[in-house]
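Right, one structure below, let's go through it.
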2 protein chains.
Amino acid sequence: MRRLVIHDLLYSSLAQYGQLEVVSGPRRFTYQSVWERAVRVADRLTRMGVRRGAVIGVMDVNSHRCLELHYALSMVGAVIHTLNFRLAAADLLYTITHAKDEWLFVWEGFAGPVDKLRDQFPNWVWLTDGDSGGAREGDRTYEALVAEGRLVVPDQANRVAEDDPYSIFYTTGTTGRPKGMRYAHRDILLAPLQIANHLALHQTGARLSSADTVMPLIPFFHIHAWGAAIFPPYIGAKLVLPERATVKEQLELIDREGVTWSNMVPTQLHMLLDEAEAADRALPLRVLTGGSLLTAGLAQRAARSGVSFSLIYGGSDQLATSISAIPRDMDPNPSSPDTLQALSTRTRPLPFVEVEVRDDSGLAVPQDGRTMGEIWVRSPWLPRGYLRDEEHSRAAYIDGWFRTGDLAVSFPDGSLYVVDRQKDAVKSGGEWIPTGVLEAVLSQHPGVAAVAVLAQPDDKWGERPIAVIQARTALSGADLRAFMDGEVASGRIPRFWVPDRFQFAETLPLTSTGKIHKAALRETLGLGEQ
Amino acid sequence: MRRLVIHDLLYSSLAQYGQLEVVSGPRRFTYQSVWERAVRVADRLTRMGVRRGAVIGVMDVNSHRCLELHYALSMVGAVIHTLNFRLAAADLLYTITHAKDEWLFVWEGFAGPVDKLRDQFPNWVWLTDGDSGGAREGDRTYEALVAEGRLVVPDQANRVAEDDPYSIFYTTGTTGRPKGMRYAHRDILLAPLQIANHLALHQTGARLSSADTVMPLIPFFHIHAWGAAIFPPYIGAKLVLPERATVKEQLELIDREGVTWSNMVPTQLHMLLDEAEAADRALPLRVLTGGSLLTAGLAQRAARSGVSFSLIYGGSDQLATSISAIPRDMDPNPSSPDTLQALSTRTRPLPFVEVEVRDDSGLAVPQDGRTMGEIWVRSPWLPRGYLRDEEHSRAAYIDGWFRTGDLAVSFPDGSLYVVDRQKDAVKSGGEWIPTGVLEAVLSQHPGVAAVAVLAQPDDKWGERPIAVIQARTALSGADLRAFMDGEVASGRIPRFWVPDRFQFAETLPLTSTGKIHKAALRETLGLGEQ
C-alpha cells in the first residue's frame, strides 16, 4: 500500500491472512471473502451513483456486514457514519440529520424501532441476516447489493487520499445533543494500530499478538469498537463478531471459537464474570477495558477468574490516548497485587501522544501522583474540532490541544490516573472531590454491588458528595459510614471526602454505553442538572 | 506530537522515558539529556546559519553524538547524510559530493583517513569523545556546539513537515558507484516503527518489548541501524550504543548493561558466537539478522548458544520489507527444528507492505514454495527513485513498485524465501541456480567455515556454479562432492545445481557490510565481472 487508507490496509494483509477466519454470529467468512464481498458492494454502490464524500449511515450490531461496509465505503470514498442504536429516537434522528446521511443501511433486527425513519429516507438498504431477510417487499437488501456487484475494485478506490474523511460518529454525553466527530482515513488507521502496537510492545494484561482470536464486545459505533474493527487484519488475528449475542452466548463464542482477547466496558466485564461464575468456570481471557472507572473490587474479581486486563483511556473526541502497562521495574505477573493495582488505575500515553495535566490557569500541575488537574491531550489523530459546532470546538480544541474535561493526577513516570469526569466531580469548599475515586473505594465494601457518587448543592460548601448504593446484601448507611471512617483512618482518603449521605436503590440506571447514568439518577433524586 | 516528524517522536516519549538510560561506550546519558544536548546543537546550528534543507554529512561510529544529531538536524530541518566510513576513499568522496553535503561532522577517530577531505571542506566539525578531543587547533568541535547552544528549541523545529526530506544514505552495491537514497521524516518513522511493531505483534525469535535493552550492532549508516536508531524511545527500551567496541567488548557491554536485543549481519553473529564459545558461555540474546543469507549451520549454532533470532529482508533502496515470524499453527519455541528452519528462511511482509514474486515477463509466479522469481515491493515508505539518477530509477522504480533484483520463492501463506541476489545467481541452461541456497547447503558440512558460490562462464550451459571454500578442517573437493551427492539423493537439491568445481581459500574477502565480497573474489579468481 502506498497510503494510509482503510481498504488498502485490508488489501495488503490478504497475501498473508486472506484465509484467516472472520466469524460473524453463526456465519463463517475469511478476510479474503470479506474483501471480495466489500469489493462487490463498492462496485454496486459506485454504479448506483454514490459519490466520493457522501455520508452513509450504518446501523448494525457488530457483524460481518458492518465490517464489510468499513471497507466498501472506503473504496467508494464515502464516509461511514456508524449510528449509535442505543440513542433515544430523537437523538438518533438528530445525528442522522446533522451528519447529512445520504443513505441508511439498517439491520433488519431494528425494523421495529426505525419504522418511522424508514418513510423519511428513500435511500435505504436493509442489512439482512440471510438472502431474503425480513425486508419489506420491494426494499433493497444488502445481500442483493453483494449479488449484483462485480468483483472489480472501483477506479475511485485508487483516488482516495489518506486525509480524506473516513468516518463520522457522535459523542454520547449525558447532557445536551450528541456532538459529531469526523476523522480521516489516516486517523482511523493510526490510532487503532497504535492501540494494537502498544498492547504488543508493552507488558500489559491485554497483550495482543498474531496468535490471538479477537472478539470486540465494544460496539462498532464506539470508535470502530475502540479500533478492534480495524486492527485484526493488521496483526493477523482471527476475528469473531458477536452480532447480537447475549452474555451467555458470548461465553459460548469464547469457547467455540477460542477467543483469547476482547474489549468491553466494566459493566460488560461484570456481567461476563457473573455468567462465568454461575457456570462455575474460569474465564481465561485478556481484556481491554475502560469507558468508566474499573473498581478495585471488579479488578480483583476479574483476576481471580483468570481475566487479565489493561485499562484504556480515550474518547470519541480524542480517540485513544493512554493504556495501562506494567512498568519496567514491576513484577510482570498481571495478577500480583501491585501490578494489578497499576494495571487497573495508571494508564500510559500511547506513542505519539502527549498528555498534560493542567490546573484552571492552564499550567501543568506537579507530577506527584497527588495533585489533581484537567487532562489536555495532543496527538497526530486529534481533529480540529467538533463537526459543524464552532462554539463547542472553540472551547475544547485549543492551540492544537484537546481539553478533555477529565480529571487526573499524573506520576513522575508519565503515567496518568484518571479520577473523574470534571463535570461529575464534586467541588466542596473550593476543592475537587473525585467521585470516581470515592466510588472505587466504596465498591470495595463486600455489600456494595454498584455505587454512584453525586454532587448535592450545599449552602456552606457549594457542593457535597452523596452516595447512591445498589446493595448486594443487607446494608445500612451506618455500615458504610464506619467503613469510610476506616478508610480515612488509614489515610487513603481525606475526611472531607466522606459522603454526607448514603442512599439505597434497587438498581442504578445505565447509559447507552453501560456507564451509570448519573444525569438520570440526579433527576430521580431531584438534584437538578449539574 | 501532531506530525510524523523525527524529533517530535523523541519529544513525545520524554514524559514516560526521559529518565531511561542511553549508554554510549563508557558514557551514560538519558533520553532527556540526549534531547537537551540535541536542542543545544540545533540552536547553535540555526544561529550559525544552517538552513532548512541543508545536507549535513555525519561520519561516526554508533555513538550518542550521532544519535543526538539525528534529532538536532531534524529540529533544524536539515538532512542527515550518514556517511559509510567503510567505503573506499573515492566512493566516500563521491557520496559527499553527490549528496551535496554542506557540512561534515566527523569523529576524531577517523582523523587519519579523512585528512585529505579535511582541507576540501571548510564547514567541518569534529565529533570528539571528550571536551577537547583530538581536534586540530582552531577546529570546531561538537562539544563546543553543545556548550555554546541554548536550551531553546529553534522556531524552525515547528515548521518541519513530515514529508520534508530527513535523511540520505547510499546503497553499497558490489559494482558501480554507490546509489543515493533520500527519505522523508515520515518514511524514517514508519518503516523502523513497523519493524518494532512486527517484532512485538508476532511470535518471533527477536521479540521486542519495553522491557528490553537494545544494542544496535548494525552501523547507523545502514538505514539508521536498520531503524534501531529510531525505535528505542518509541518502545521505551534502554539503548546501548557500542561505539567502536570490539567483539570482546560487545560481549562485555551485553553483560554489564543487560543487553537483551541486538541486530547484526550473520558475519557479526558468527564472530560473537566465536567469542562466546571461546569464553565457554551462553549468549542469551534476541537478534534480528539479515543482509546476507543465514546458513542453517549458523542458525543451529546460534540456537545452541541461546540466541533466538528473526531474519529481516530489506535494503537501502526499499527500507524494511519482511521479517521472519512463527506462523499461528507452528510450535512457538524458536529453537524447535521446524520453527528454527522457518525463522531462518521464511520472512513475512510487514504490515502495509505488498510483495510480489514475478517472472521475467512481470507476471506473479505461483505461490508454491518452489517457483523462483524476482521480488517486487510496494510500501508506504518507498521512494520515487534514486537521488539524481534517472536512469537507474527508471529501471528499478516502476508504477509505484520497486524491482529489487532479488530472487525468491513465495509460499501459500504469503511468506517469502529470499534465495539470492539476482545478479549473484547462476543461470545454467536457462534455469536459475540460487547461489545462496547452495551456500546454505554447503555450510552444513562440518568442515566448511565459509563458502561462496560463483558463476563461471560455460560454453555449453552459459554459466555453471563453482564453490570457493574456507575450510575449518582438512577437506577435499571429493569430500564435498560426496556430500552434495547425498543432498541430491535426498531430494534437497537437483543434480544440476552441484558445483562443477570446489576450490579452497585461506579466507574469503568481505565487503564493508560484512558480506562475502563476491566481486573481489571473482576478480581474484579471474572470473571477470558478472
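The values are calculated or read from the model by the stated rules, or taken from the named source; none is laboratory data. Fair warning: this is a prediction, and the values are worked out from it, not measured in the lab. Every residue, glycine among them, receives a Cβ derived from its backbone with ideal geometry; neighbour counts consider all protein chains shown.
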Return the total of residues in region A:176-200 being part of a helix (DSSP H, G or I) and touching a residue at least 40 places away in the same chain (Cβ under 8 Å).
14
When B:ASP8 is evaluated against the numbered criteria (1) under 28 Å from the mean Cα position of the chain (by Cα); (2) surrounded by fewer than 24 Cβ atoms within 10 Å (Cβ to Cβ); (3) closer than 23 Å to A:LEU350 by Cβ, which criterion, by number, is the only one it fails?
(2)
Hey, B:GLN16 hits all of (1) closer than 21 Å to B:TYR142 by Cβ; (2) touching a strand residue (DSSP E or B) at 6+ places or on another chain (Cβ under 7 Å) but one; which does it fall short on?
(1)
Scope region A:450-460; condition out of contact with any helix residue (DSSP H, G or I) (no Cβ under 9 Å at 6 or more places or on another chain) and buried (at least 17 other Cβ atoms within 10 Å of the Cβ); matching residues:
A:GLN456
Could you tell me which numbered condition A:PRO216 fails, if it satisfies all but one of (1) buried (at least 24 other Cβ atoms within 10 Å of the Cβ); (2) farther than 22 Å from A:ALA303 by Cα; (3) not aliphatic (A, V, I, L, M)?
(2)
The one condition in (1) surrounded by 15 or more Cβ atoms within 10 Å (Cβ to Cβ); (2) within 17 Å of B:SER361 (Cβ to Cβ) that B:SER393 fails to fulfil:
(2)
Counted residues in region A:92-130 being part of a helix (DSSP H, G or I) and crowded, with 17+ Cβ neighbours inside 10 Å come to 9
When the residues of region B:163-183 are filtered to those that are buried (at least 20 other Cβ atoms within 10 Å of the Cβ) and closer than 20 Å to B:ARG378 by Cβ, which remaining residue is nearest to the other protein chains (Cβ to nearest Cβ)?
B:TYR183
For region B:316-344, what are the residues that are in contact (Cβ under 8 Å) with a residue 24 or more places away in the chain, assigned to a loop (DSSP other than H, G, I, E, B) and in contact with an Asp or Glu (Cβ under 9 Å, 6 or more places away or on another chain)?
B:PRO327
Among (1) modelled with pLDDT of 95 or more; (2) buried (at least 19 other Cβ atoms within 10 Å of the Cβ); (3) under 30 Å from B:ARG3 (Cα atoms), the one test that A:VAL34 misses
(3)
Verdict on B:VAL437 being crowded, with 17+ Cβ neighbours inside 10 Å, modelled with pLDDT of 90 or more, closer than 23 Å to B:LEU407 by Cβ and not acidic (Asp, Glu):
no
Identify, please: which residue in region A:364-392 is more than 9 Å from every other protein chain (Cβ to nearest Cβ) and part of a strand (DSSP E or B) and is, among those, farthest from the chain's Cα centre (by Cα)?
A:ALA364
Of the residues in region A:15-34, those that are touching a residue at least 24 places away in the same chain (Cβ under 8 Å) and either in contact with a helix residue (DSSP H, G or I) (Cβ under 8 Å, 6 or more places away or on another chain) or within 12 Å of another protein chain (Cβ to nearest Cβ) (or both) come to A:GLN16, A:TYR17, A:LEU20, A:GLU21, A:VAL22, A:VAL23, A:SER24, A:ARG27, A:PHE29, A:TYR31, A:VAL34
Say whether the condition of being in contact (Cβ under 8 Å) with a residue 24 or more places away in the chain, farther than 22 Å from A:LYS427 by Cβ and either touching a Pro at 6+ places or on another chain (Cβ under 9 Å) or among the polar types (S, T, N, Q) (or both) is met by at least one residue in region A:497-508.
yes
Based on what the data block shows, is B:SER335 within 19 Å of B:GLY414 (Cβ to Cβ), surrounded by 14 or more Cβ atoms within 10 Å (Cβ to Cβ) and not basic (Lys, Arg)?
no
If we keep just the residues of region B:400-431 that are closer than 28 Å to A:GLY236 by Cα and part of a loop (DSSP other than H, G, I, E, B), which is farthest from the other protein chains (Cβ to nearest Cβ)?
B:PHE411
Filter region A:224-261 for residues that are of a type in the set (S, T, N, Q) and under 16 Å from A:GLY514 (Cα atoms) and give the result.
A:THR246
Is it the case that region A:345-363 has a residue that's away from chain B (no Cβ under 14 Å), assigned to a strand (DSSP E or B), within 22 Å of the chain's Cα centre (by Cα) and of a type in the set (D, E, K, R)?
no
Quick one: count up the residues across region B:309-346 that are closer than 22 Å to B:PHE169 by Cβ, polar (S, T, N, Q) and out of contact with any helix residue (DSSP H, G or I) (no Cβ under 8 Å at 6 or more places or on another chain).
3
Residue among A:HIS198, A:HIS224 that is within 18 Å of the chain's Cα centre (by Cα) and more than 14 Å from chain B (Cβ to nearest Cβ)
A:HIS224
Please pick out the residue among A:ARG44, A:ARG3, A:ARG51, A:ARG37 that is in contact (Cβ under 8 Å) with a residue 40 or more places away in the chain and either part of a loop (DSSP other than H, G, I, E, B) or within 14 Å of chain B (Cβ to nearest Cβ) (or both).
A:ARG3
Could you list, in sequence order, all residues of region A:385-402 that are free of Cβ contacts under 8 Å to residues at least 60 places away in the same chain and either over 19 Å from A:ARG177 (Cα atoms) or in the same structural domain as A:THR435 (by TED's automatic domain parsing) (or both)?
A:ILE398, A:ASP399, A:GLY400, A:TRP401
Test B:ALA467 against the stated conditions and say whether it is out of contact with any Leu (no Cβ under 8 Å at 6 or more places or on another chain), farther than 28 Å from B:GLN318 by Cβ and not polar (S, T, N, Q).
no
Which condition breaks for B:VAL488 when tested against (1) loosely packed, with under 13 Cβ neighbours inside 10 Å; (2) farther than 30 Å from B:THR172 by Cα?
(1)
